[in-house]
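See structure below.
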Amino acid sequence: NVIAVGTSHGLVLVFDQNQALRLCLGTTATGAEYGAVSALSINHDCTRLLCGFAKGQITMWDLANGKLLRTITDAHPPGTAILHVKFTDHPALAVCNDSGGSVFELSFRRVMGMRTCESRCLFSGSKGEVCCVEPLHAGLELKDHPISQYSLLAMASLTKILLIGLKPSLKVWMTFPYGKTDPASVPLLAWQFVAVQKTINPVLAFCRGDTIHFLLVKKDESGTIHVIKQRQLQLNCDLISLSWINPRTLVLMDSTEKLRVVDRPSQEELETVDMAELQLVYNSSHFKSLATGGNVSQALALVGEKTCYQSVCSYAGQIMYLGTKSVHIMTLRNWRERVDHLLKQEKFMEALSLAWSFHEGTAKAVLGLFADPAKRKGVVADKMVEILLQYVDRSLKKCPEQGKIQVMEQHFQDIVPVMVDYCLLLQRTDLLFNQIYPRLVENSVARGVFLESLEPYILSERIGCLTAAVMRDLLSYFQENGMMDSVEGCLVHMDITNLDIQQVVQMCWDNQLYDAMIYVFNSGMNDYISPMEHVVMGNKMLVYISCCLAGRAYPLGDIPEDLVPQVKNQVFEFLIRLHSVEAAQEEEVYPYIRTLLHFDTREFLNVLALTFEDFKNDKQALEYQQRIVDILLKVMVDNSDFTPSQVGCLFTFLARQLAKPDNTLFVNRKLFDQVLEFLCSPDDDSRHTERQQVLLELLQVGGVVQFDEERLLDLAEKAEFYQICEFMYDRKHLYNKIVDCYLKDPLRKEELFNYIHNILSMPGYSSEEKQLVWVKALQHVKVSQTRLQMICPLEHTPGRESSGFRKLISDPNLIRPFSLSNFAQLGPDLHELLVDLQCQFSPQQVTAFLKTSQDYRLEEAIQITEKHKLHEATAYLLEKKGDVQGAFEVLLQSDEVQSLLRRVEEALHDIIALCQRSSHGLNQQQREVCVCVSKCSVSPDCFSLSSALKELTMKVLNSMSSFIAPPAIIQRILQDPVYGKGKLAEIQGLILGMLETFNYEQVVLLSMQPNFNTLKSTKRIPLCPNLLHKQTRISVILNSYFMCSCGHLYHCQCLQRKEVGVLSERQYSWSCYKCTSNQGSRPADRSSEESSRSRSTSLAQVSRSHFTINMLSEATLDAQQTQAWDHFRTLYRGPSRLAVLTELTHSHGNERPGLSNPVHPGTGSIYHSENFQLKLSPPPLVEE
């Protein structure tokens, strides 16, 4: 009834509910003595007012007459401000809290006409400063609550929450620490009685920061108070005020002075209001106790920066906020006010949505509604009807009078469905059709939109019945606008008892609405036969018959249970009619069954099969079943109009029925034999695949018991029905005979290998059965040799022994026709077995196979080739292993057939090729090992010196001259006993051949030297000095040079000697010696770094110091290139070989060696000079 406001001058202004000033308590003189008013409290019956001051005094006033009743100056220590003063539910008991953090109990007494006050300390600030206190107020309606007798008091210190009881004696019931919080956050407390599990108990809400905790307080039968923690509420703001406005709703204020309305059960924030214009009054000066000298702790002063305890007060669903110039009262609107507020803004859809939430009880912060759901829904429904009628009137008034028709349609399309929805939700179709629709009819556009909007509700069966007027308008509108499909869709979902059936049938017939017509016949007249006689055709008839026999209505719903037997009998009677109603003279018997069989035999038989499932206990139905089967046999078996597939469908259907354990059908077995002969007729080549598939399907569904298996198998073999044969053999577990079925069937021959694989690898087959299949497969393996390898990799799986494959490749008669390169992806052991067999049966192909395959192990393969004495293959494997010397020795053993000179020539070619390939990795001493070839080749113990032998020797020496110094070659020749006793003429050809090679290569080198000089003079492409030496052979230049990505050229030997190569991934990755030297580090020291980069070894690298070997071994020339080289040699051919020898023999003096003077001075003969050099090999490598 009153609002009391304390001022900074020590006055208290008391206003009534009409904002009229009733009392002004205190004087300015008192205010100057006591300081500003810092706390106020009114008791529950609004008769007393407690007033606390900034300098520590407390006064009590009579609100009825404004009389000062008490002045309390000794209730707490002096020099501290009063922060809180609160009445409890006990009329003579109050509590106060001062700026020292202490809490005191104030007991008011009246003795001998004297008003006294006794003070008791409840909590000392020395143990932790309390900055907020909140006693529990039960109110008049809960004054008898068992908790109220304890006078509970909640206190919030800077570190924890305390819950104590003042009555009957002081007792602490609970302490709850905050945990980690912001020191500047304000502790907040608020009590509220809440219904929890049908019991009303107090709940304490407290927070400090952004998290609100809820504690449920309840008393058990023994009188003990229990405090139970409830679900907490997490926010994203720092709170400075916390108040309950009702048991479900909290009103919060954050540090930015924004008011937040929160629904506690759902934790949903309902509304946010900015209160900055209020200019909220803060209590900071009192918490700092400025009036008494500021003698407070820093922690309390920090919290006081944002405190507004005495500026917020809640009572009876109202919250008051004190501003510097005004007081604001916040209340929640009741449900009607909230709806009317939206209606005033013409937000009809929002108002309807809010009203429906009130109707369903899902709205938040609801005031003014009945707790009883029935009463609540009735009141809200009446309000919603009022809103809907207002919405209709408003939509008609706001409709655009001018403009495009589409704009008007869109206007009503946004409104009409909303009206229909809420009318259906309220189950008020009378409101929709009797009040809303008549108003919309006034506008033709609104009428059309309304009728169109009904269609989706009818199809979803939310509307099942229309008034006669609306139904008439609906059909007329759809018919006028050509929307007959919509008419049919609506009719089959509606109750047509209120319609003019004759009119509807005529309309459906005129527009061919067969579904609607069937629905009208069935639902309106209970006639299920007429649609089949006059209406239904094609696939629709099959579906209709299926529905009738299954007890379902067409096109949706169910036939009434009492009509189901009658409908089934009527349908069967219709099907077995001998003739139609208006039968012509030439009409065949059973026209309906015949028509359905011709239309879709399989589907019609499926319909019958589904129907027969329900005929177990119905005697009459079983009779119909046998009768229909007899008619089917009579119509189809003796009629040539049906295809084998259709006949097969019939007997498949019969086989399924006969295979049932409770079968009651009887079919003459001769008919099955007759069908078998028809399907297996060898004279009829037409539809071969179709007839076989039909018979197979018949057998698979159990029809095999209807036939003599031996006769069936004989007919199938004659008709070449190999799938039928396979089926029969599989029943008898004769899997080996199935192999013949696959081989004879041209369409499935390629599937034989998969079948064999499945038999051999899958469980479920005995070892004897697998053995028979394997033997059978080996007998026919030549039928498809190119596909045999499919068996091998399919069978060779991890963990499985490939015994079958071993048997296969161990048979020489089978392995000879195959190319072993086709056997890819085998394991090493099987691959080595292939190599062994290849050595036995195709030794000439072993080397080629080893070169193209990588799936064998070297050591095992070497043992295999050595066992079979295949020297060429062994030498290849040793070379691949890196044992060049061993490969060389093996090739020397290849002259076992000494009588055949061709074998010697082949062996020499192999040895020469080996030496040429390996010479780049050997030093000068190792290269001279090849000289032993000449000794082997010209040994007098083995061969006579013939022209053929000399030619072979010439080939050897010419090949050696590219890699071994000529003096070493000549020395070996002269030391040989054969040539040591001969004449110069015997080796003249050899020496002249070497000189001719020298002459040719020197001419080429001199021709190319200007180009190399040009490259050397270019700074971008420096060259290795050895590349430009006159003694460097052109073959060496072409075969062993490398260009870095930086442009430098080097010999491979130069780089190897400089140790600038790094071996990684079986390849050498070289670094430029010059570039790495300039950088002050050796490439070898950086090998690990370079290898870690994993750069690809290509000729042109991104890095300047990397390049890759480019081996030009075994280069070949085409015909045009060979002709060019011959022409080049002709142009630059030097003196004859005899002239060169003569000049070498008679050369004297200090002439410069060259083509005309190739010898050193002071020597009489080149044969007596130990230092004679032809300078055909590269000189010793020198540093740059």
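The values are calculated or read from the model by the stated rules, or taken from the named source; none is laboratory data. If you're wondering where the values come from, they're calculated on a predicted model, not measured in any experiment. Every residue, glycine as well, gets a Cβ built from its backbone with ideal geometry; the counts of neighbours run over all protein chains shown. Protein only, heavy atoms only, side chains kept; ligands, DNA and RNA dropped before computing areas. Shrake-Rupley method; radii C 1.70, N 1.55, O 1.52, S 1.80 Å.
Annotations for the structure displayed:
- Matching option when the condition is of a type in the set (Val, Ile, Thr), open to solvent by 50 Å² or more (accessible area, probe 1.4 Å) and on the phi < 0 side of the Ramachandran plot, among 689, 643: 689
- Only a single item in (1) open to solvent by 50 Å² or more (accessible area, probe 1.4 Å); (2) more than 16 Å from residue 691 (Cα to Cα) is not met by residue 674, and it is number (2).
- Residues in the range 255-295 that are under 30 Å from residue 10 (Cβ atoms), under 58 Å from the mean Cα position of the chain (by Cα) and in contact (Cβ under 8 Å) with a residue 24 or more places away in the chain were compared, and the one that is surrounded by the most Cβ atoms within 10 Å (Cβ to Cβ) is 278.
- Looking only at residues in the range 371-380 that are among the aliphatic types (A, V, I, L, M) and open to solvent by less than 80 Å² (accessible area, probe 1.4 Å), the one that is farthest from residue 354 (Cα to Cα) is 374.
- Of all residues in the range 542-588, those being under 20 Å from residue 606 (Cα atoms) and of a type in the set (Asp, Glu) number 1.
- Against the list (1) surrounded by fewer than 20 Cβ atoms within 10 Å (Cβ to Cβ); (2) over 19 Å from residue 313 (Cα atoms), the condition residue 26 fails is (1).
- Residue match in the range 865-874 (condition: among the aliphatic types (A, V, I, L, M), at pLDDT 85 or above and surrounded by 15 or more Cβ atoms within 10 Å (Cβ to Cβ)): yes
- Flag for residue 697 being closer than 30 Å to residue 743 by Cβ, touching a Ser or Thr at 6+ places or on another chain (Cβ under 6 Å) and modelled with pLDDT of 80 or more: yes
- Exactly one residue among 609, 584 is small (Gly, Ala, Ser), open to solvent by 20 Å² or more (accessible area, probe 1.4 Å) and under 29 Å from residue 660 (Cα atoms), and that residue is 609.
- Of all the criteria given as (1) at pLDDT 85 or above; (2) closer than 25 Å to residue 512 by Cβ; (3) not acidic (Asp, Glu), the one not satisfied by residue 564 is (2).
- Residue check for residue 753: in a helix (DSSP H, G or I), within 46 Å of the chain's Cα centre (by Cα) and modelled with pLDDT of 85 or more: no
- The condition of being of a type in the set (Val, Ile, Thr), open to solvent by 40 Å² or more (accessible area, probe 1.4 Å) and touching a Gly at 6+ places or on another chain (Cβ under 7 Å) holds for only one of 159, 175, that being 159.
- Subset of the range 473-510 that is polar (S, T, N, Q) and within 18 Å of residue 458 (Cβ to Cβ) - its residue that is nearest to the chain's Cα centre (by Cα): 486
- Residue check, residue 142 at pLDDT 90 or above and at negative phi: no
- Any hit, the range 451-462, residues being of a type in the set (Val, Ile, Thr) and touching a Cys at 6+ places or on another chain (Cβ under 7 Å): yes
- Scanning the range 721-734 for residues that are in contact with an Asp or Glu (Cβ under 8 Å, 6 or more places away or on another chain) and either over 23 Å from residue 654 (Cβ atoms) or in contact (Cβ under 8 Å) with a residue 40 or more places away in the chain (or both) gives 722, 725, 733.
- Checking the range 98-112 against the condition returns a match, with at least one residue being open to solvent by less than 50 Å² (accessible area, probe 1.4 Å) and among the acidic types (Asp, Glu).
- Condition met for residue 319 (closer than 30 Å to residue 34 by Cα, touching a strand residue (DSSP E or B) at 6+ places or on another chain (Cβ under 7 Å), without any contact (Cβ under 8 Å) to a residue 24 or more places away in the chain and not basic (Lys, Arg)): no
- In the range 298-315, the residues that are under 11 Å from residue 183 (Cα atoms) form Cβ pairs under 6 Å with partners that are outside any helix (DSSP H, G or I) and among the small types (Gly, Ala, Ser), at six or more places apart or across chains, as follows: 302/184.
- Of the residues examined, residue 207 is not one that is open to solvent by 10 Å² or more (accessible area, probe 1.4 Å) and of a type outside the set (Ser, Thr, Tyr).
- Scanning the range 98-116 for residues that are free of Cβ contacts under 8 Å to residues at least 40 places away in the same chain, within 17 Å of residue 157 (Cα to Cα) and not in a loop (DSSP other than H, G, I, E, B) turns up just one, 104.
- Failed criterion for residue 251 (all others in (1) surrounded by fewer than 16 Cβ atoms within 10 Å (Cβ to Cβ); (2) within 49 Å of the chain's Cα centre (by Cα); (3) among the β-branched types (Val, Ile, Thr) hold): (1)
- The set of residues from the range 822-855 being of a type in the set (Phe, Trp, Tyr) and either touching a Gly at 6+ places or on another chain (Cβ under 9 Å) or open to solvent by 20 Å² or more (accessible area, probe 1.4 Å) (or both) comprises just one member, 841.
- Selection over the range 52-67 of residues that are assigned to a strand (DSSP E or B), in contact with a Gly (Cβ under 8 Å, 6 or more places away or on another chain) and over 20 Å from residue 89 (Cβ atoms) gives a count of 2.
- The range 1-45, residues that are in a loop (DSSP other than H, G, I, E, B) and within 20 Å of residue 281 (Cα to Cα): 7, 8, 9, 10, 11, 19, 35, 36
- Of the residues examined, residue 319 is not one that is over 24 Å from residue 184 (Cα atoms), out of contact with any helix residue (DSSP H, G or I) (no Cβ under 6 Å at 6 or more places or on another chain) and surrounded by fewer than 14 Cβ atoms within 10 Å (Cβ to Cβ).
- Helices (runs of 4 or more DSSP H) fully within the range 381-491 counting 2 or more residues that are surrounded by 16 or more Cβ atoms within 10 Å (Cβ to Cβ) and of a type outside the set (Ser, Thr, Tyr): 405-413, 416-425, 444-459, 468-480, 484-491
- Residue 660 falls short on exactly one of the conditions (1) out of contact with any helix residue (DSSP H, G or I) (no Cβ under 6 Å at 6 or more places or on another chain); (2) farther than 23 Å from residue 532 by Cβ; (3) open to solvent by 60 Å² or more (accessible area, probe 1.4 Å), and that condition is (3).
- Given (1) over 24 Å from residue 908 (Cα atoms); (2) modelled with pLDDT of 85 or more, index of the condition residue 853 fails: (2)
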